Structure formats: C-alpha cells, structure tokens
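To start, the structure under review is shown below, and the notes come after it.
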Amino acid sequence: MSQEGQLLDKKSLRAVLGKTANWSKLAKDCIAFANALGGTLLVGIEDGQDHPPADQTAPADLSDTIRRKLAECTVNVAVFPAVRTAANGGQFIALDIPRAMSVASSTDGRYFLRVADQSKPVTGDDVLRLASERTQATRYFVDPALSRNLQFAGETTLKRIEPHRLAALVLEDLTRYPQSAISDIHQRIGGEIHPKQVKRTLEELTAKGDVRFEGDKRWRRYWMVQR
C-alpha cells in the first residue's frame, strides 16, 4: 500500500472502537482532506504497516457508525467508508473523503488543511482565503488515486500551498486528457484561474520533467510523463 502523505493517512482500528475511539482527531483529518485535494483514511492499518493484522475483523455496523459520528462533529465534510479485505485476510475501513465544494470545519468552528502528511490548523486570513476560493469553486475534481503526493516543507500558509494544489490539478487533467492544449487544460481545471498561473505551472512541471510538450504556440500540446 502507498505511504502516508498528501492524499493518504492510516489509523488504528482503536481510533473508532469503544472507549479508545477518538472522533475529534479523526474528524480533524477528514476536515483537512476535504479542504485540500480530498484523500483516503485507511482505518485499521497501523502507522508504518502495509497491512492490517491478519486476524482483524471490522464490526458489521462500523461503516454506519463512522458515517454518523463524523456527521455529528463536522460541517461540509462527506465521507464514504467501506470495509476492505487485505491480501493477508485482515479487514480494514477505506474511508474516502472528497474535496469539499464549501469550506469544511468542525462543528465548534475549527478549520484544518492537509499539507504533505500533516493536518494543519487554518486560522485568520487563511480561513478567509479558503472561503473565497470555495465561492469560485473549481469545477474539476482531483481523483486521490491518481494525484501525486505533494512535497512541501517549512511553515505552511494557504497562499504557499496553492501553487502545489494547482500543480496537482494540472497533472490530474493530463492523466485523463493527454496531448492537450493549454487552453483546454485551463477550461477543464477552472476558468476562474488566471491563464498566466496555468502557463507558469506547466512551465514548472516541464522543467521538473513531470510534463512534456510538442509543437509551438497555438499548436503546442502537453502530456504527463509516465514514471
């Protein structure tokens, strides 16, 4: 299984069972994913492990419990839990969280954003920026299974993370629509984004070797480099 990062986290099954359940901590991660690119929580797989314990089983009603509990402590967060069986026979919950179209928060007014492998609090002006972004609602959904992990170090603000999020959108678009013109990419990921931002992002991805192109000016076509 993939390592924890921008689009993936792992939690022990104890986080959602009995007296050891920590719903506020689970809600924090769900809110952070919803305010970023979306993501998946693997509940029942310990940190540093690739599989759940071989003899682990998930209670039949656990998916419904997770859905209900998270609905009680979050706002604008959708969750889609499903029981999965690993190759070793152990069960776990794959909890998918799509990118929210409105700002996600806890019911007591706390905001978080997923940055690399951490769920960081968002306060002050960053909350306003997050709200402003959502009112313009980018039309394109980033599939967590196809987007790449974002490598981001240092102090985090929403302004600093935005170029990394735009890069993920462009890479996802080129995964689905290779050999695209910049105008087509721009239209699909969101017309509200300034064309120069899309152009600059493509130039940066090309310099890093993540994207290639052929042709010039209006005839130029881009595609993602497969690694």
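The values are calculated or read from the model by the stated rules, or taken from the named source; none is laboratory data. This one's a predicted model, so the numbers in the text were calculated from it and none came from an experiment. Counting neighbours? That spans all protein chains shown, and the Cβs are built from the backbone with ideal geometry, glycine included.
Restricting attention to the range 4-56, the residues that are over 18 Å from SER105 (Cβ atoms), among the polar types (S, T, N, Q) and in contact (Cβ under 8 Å) with a residue 24 or more places away in the chain add up to 5.
Please enumerate the residues belonging to the range 199-227 that are among the basic types (Lys, Arg) and without any contact (Cβ under 8 Å) to a residue 40 or more places away in the chain. Explain how you work it out, then say what you get.
Residues of the range 199-227 that are among the basic types (Lys, Arg), as a first pass: 199-200, 208, 212, 217-218, 220-221, 227.
Once the filter is applied, which keeps residues that are among the basic types (Lys, Arg) and without any contact (Cβ under 8 Å) to a residue 40 or more places away in the chain, the range 199-227 yields LYS199, ARG200, LYS208, ARG212, LYS217, ARG218, ARG220, ARG227.
Scanning the range 191-204 for residues that are buried (at least 17 other Cβ atoms within 10 Å of the Cβ) and either of a type outside the set (A, V, I, L, M) or over 11 Å from LEU166 (Cα atoms) (or both) yields one hit, THR201. Per the conditions (1) out of contact with any strand residue (DSSP E or B) (no Cβ under 8 Å at 6 or more places or on another chain); (2) among the polar types (S, T, N, Q); (3) under 23 Å from GLN6 (Cβ atoms), the sole criterion not satisfied by THR65 is (3).
List the helices (runs of 4 or more DSSP H) that sit entirely inside the range 156-227 and contain at least 2 residues that are modelled with pLDDT under 80 and either in contact with a helix residue (DSSP H, G or I) (Cβ under 7 Å, 6 or more places away or on another chain) or hydrophobic (A, V, I, L, M, F, W, C) (or both).
Working: elements: 158-176, 182-189, 195-208.
So the answer is 158-176, 182-189.
Based on what the data block shows, is SER63 hydroxyl-bearing (Ser, Thr, Tyr), within 20 Å of the chain's Cα centre (by Cα) and over 20 Å from ASN88 (Cβ atoms)?
Values: hydroxyl-bearing (Ser, Thr, Tyr): yes; within 20 Å of the chain's Cα centre (by Cα): no; over 20 Å from ASN88 (Cβ atoms): yes.
Here the answer is no, as SER63 does not meet what is asked.
Against the conditions (1) surrounded by fewer than 19 Cβ atoms within 10 Å (Cβ to Cβ); (2) at pLDDT below 80, PRO144 satisfies every one except (1). All conditions in (1) in contact with a Phe, Trp or Tyr (Cβ under 7 Å, 6 or more places away or on another chain); (2) closer than 15 Å to THR107 by Cβ; (3) not hydrophobic (A, V, I, L, M, F, W, C) hold for ARG84, with the sole exception of (2).
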